[in-house]
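The values are calculated or read from the model by the stated rules, or taken from the named source; none is laboratory data. The structure displayed is predicted, hence computed values, not measured ones. For neighbour counting, all protein chains shown are included, and Cβ atoms are generated from backbone atoms with ideal geometry for every residue, glycine included. Remember, those area values only see protein heavy atoms, side chains included, never the ligands or the DNA or RNA. Shrake-Rupley method; radii C 1.70, N 1.55, O 1.52, S 1.80 Å.
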Amino acid sequence: MSIYKWARDALGDDLREAEAQGFDRLMALRALLAEVVQQNKASRDAQELAHELQFLADNLDDERDYAFMRP
């Protein structure tokens, strides 16, 4: 199992538990994201974390066409 599959499975379990407790899925995701960022801040340089978060934000659109991907 890859670390990414483990994370996907763990997140799925956490979301099911949150929903079973009556929490809204979107709010649970926001709370989890906030906690992941806080945990990262404690272990990483803030600038490095900001760059990674910006990269993820810049690449949210799965349909985006990148120039380097064109023939």
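Residue by residue, here is whether (1) touching a helix residue (DSSP H, G or I) at 6+ places or on another chain (Cβ under 8 Å); (2) surrounded by 10 or more Cβ atoms within 10 Å (Cβ to Cβ) holds:
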residue	(1), (2)
Ser2	no, no
Leu11	yes, yes
Glu17	no, yes
Ala20	no, no
Arg25	yes, yes
Leu29	yes, yes
Ala46	no, no
Ala57	no, no
Glu63	no, no
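Of note, Ala50 does not satisfy the criterion of being of a type in the set (A, V, I, L, M, F, W, C) and either exposed (fewer than 10 other Cβ atoms within 10 Å of the Cβ) or modelled with pLDDT under 95 (or both).
Which pairs turn up if I take residues in region 22-38 that are assigned to a helix (DSSP H, G or I) and look for partners that are open to solvent by less than 90 Å² (accessible area, probe 1.4 Å) and of a type in the set (Asp, Glu) with beta carbon separation below 9 Å, at least 6 apart in sequence or on another chain? Between residues of region 22-38 that are assigned to a helix (DSSP H, G or I) and residues that are open to solvent by less than 90 Å² (accessible area, probe 1.4 Å) and of a type in the set (Asp, Glu), the close pairs are Arg25/Glu19; Ala28/Asp14; Ala28/Glu19; Leu32/Asp14.
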